[in-house]
1. Where nothing but the Cβ of Lys and Arg (+1) and of Asp and Glu (-1) is charged, how large is the charge dipole of the chain around its Cα centre, in debye to the nearest 20?
2. Could you give P(r) for segment 1-120, binned at 5 Å from zero, as whole percent values over all Cα-Cα pairs?
3. List the aspartates and glutamates whose alpha-carbon lies under 16 Å from that of Lys80, not counting same-chain residues fewer than 8 positions away?
4. Treat each spin label as a single point 7 Å out from the Cα along the C-beta direction, and report the Tyr84 to Arg53 distance in nm.
5. Note the full-extension length gain between Ile9 and Arg101 as 0.36 nm times their separation in residues minus their Cα-Cα distance, in nm to one decimal.
6. Give the cross-link partners of Lys19 among the aspartates and glutamates, using a straight C-alpha distance below 14 Å as the criterion and excluding same-chain residues fewer than 8 apart.
7. Considering just Cα atoms, how many Å³ per residue does the convex hull of segment 44-111 enclose?
8. Out of the trypsin sites (Lys or Arg not before Pro) in segment 44-76, which ones are loop residues according to DSSP with at most 10 other C-beta atoms within 10 Å?
Amino acid sequence: MINVKDKKIIAYKNERTKKIAYNLRKLIVRAVMKEWGSLGEKQKNKSTLEYVRIENVRSDLYGALQTSICKCASCRHSDKDMEYNAPLKEWYCTQCAQEYRDYYRKEKAFYGDLYGKAYDDEDFYQTFM
Ligand SMILES: [Zn+2]
């Protein structure tokens, strides 16, 4: 379990810097998705071997975007303060991360140690604690 104090949070105080950073994130997401779509077009009428080769490139590209700070791994928004979840190696907006923490605390308070027996997602929620 990681202490919340150890979590890396990216929150821009300066409005101008915030706007630039958010626009850059959106630009990167758009560029990656454009390339991802373009690779999908290139897969058409290709041999199975070539199709799989391109699919691997697409998968790597998408995976890189999913683990980047460019969008929240949960709500997909780009224009929010972000918190790094080291165990999952993903960025979540601070709002989603807090909602996961609140939900888990509420469920844990209700179910106690039974929570782990009733649900198999406890490891996921604990990464936010
Ligand atoms: Zn989010």
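Taken together, the values in this text are just the output of simple stated rules run on the coordinates, not laboratory data. Since the structure is predicted, the reported quantities are computational estimates derived from the model, not experimental observations. With ideal geometry, Cβ positions are generated from the backbone for all residues, glycine too; neighbour counts draw on all protein chains shown.
1. Taking the Cα centre of the chain as origin, the dipole is about 720 debye.
2. Per 5 Å bin, starting at zero, the Cα-Cα P(r) for segment 1-120 comes out as 2, 10, 15, 16, 15, 12, 10, 8, 7, 3, 1, 0 percent.
3. By straight Cα distance, Lys80 reaches Glu15, Glu90, Glu99.
4. A separation of 3.5 nm, rounded to one decimal place.
5. Answer, rounded to one decimal: 31.6 nm.
6. Once the sequence-local aspartates and glutamates are set aside, what remains near Lys19 is Asp79, Asp81.
7. 129
8. Listed in order of number, the matching sites are Lys44.
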